[in-house]
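The values are calculated or read from the model by the stated rules, or taken from the named source; none is laboratory data. Computed from a prediction, not measured in an experiment: that's the story for all the values here. Every residue, glycine among them, receives a Cβ derived from its backbone with ideal geometry; neighbour counts consider all protein chains shown.
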Amino acid sequence: MTTGGGGDPLNTGFNGDFSMDYPNLIPGCNPIHGGVTYLNTNCFAVAPAVPNGVLVGNAGRNRFYGPGLKTVDFSTFKNIRLMERLKLQFRAEFFNILNHPNFAAPNFLNDANNSVPSQNAGVLGTTSTSSRQIQFGLKLVW
């Protein structure tokens, strides 16, 4: 069996082209240093192959977490009585009112075939939530 050739040799839950082998974590090196390049790829080394050809390092599965998620939503409304049984409600709703960027997990360390280290490995490339959203509404209640 070749390394990273698909399937699920380590029972990680990945399949096909996303069968991941585990690298070795270099002792004393902190792989998470924040910023746009969230993971320091210099802290990882290729693990030695076991007899079936799978690379099993000490980094393991689910060892690292991406950046946290922070969002504040806010809404306010005003009820206006038009007549005895008729009421108008004005609403203002703000989602991610502080406009905090919430980045998705860092890019994979390898390409889709798990054979060549990606040049964007460990980089925070996309956001996981939208930017500030504001919506207004009117509601007529009778």
So for segment 17-30 (the condition being at pLDDT below 55, part of a loop (DSSP other than H, G, I, E, B) and not aromatic (F, W, Y)), does at least one residue qualify? yes
Could we say that N58 is modelled with pLDDT of 65 or more, surrounded by 15 or more Cβ atoms within 10 Å (Cβ to Cβ) and over 18 Å from P106 (Cβ atoms) here? no
What residue, among those in segment 71-88 that are assigned to a strand (DSSP E or B) and not aliphatic (A, V, I, L, M), is nearest to N99 (Cα to Cα)? F74
Quick check: anything in segment 66-74 at pLDDT 90 or above, in contact with a strand residue (DSSP E or B) (Cβ under 7 Å, 6 or more places away or on another chain) and not aliphatic (A, V, I, L, M)? yes
Which pairs do you get when a residue that is under 27 Å from G125 (Cβ atoms), found in segment 79-106, comes within reach of a residue that is modelled with pLDDT under 95 and assigned to a strand (DSSP E or B), reach meaning Cβ atoms under 7 angstrom, with the pair 6+ apart or on two chains? P101/T127; N102/T127; F103/T127; A104/T127; P106/L39; P106/V123
For segment 61-111, how many residues meet the condition of being touching a Phe, Trp or Tyr at 6+ places or on another chain (Cβ under 7 Å), surrounded by 15 or more Cβ atoms within 10 Å (Cβ to Cβ) and over 21 Å from H33 (Cβ atoms)? 2
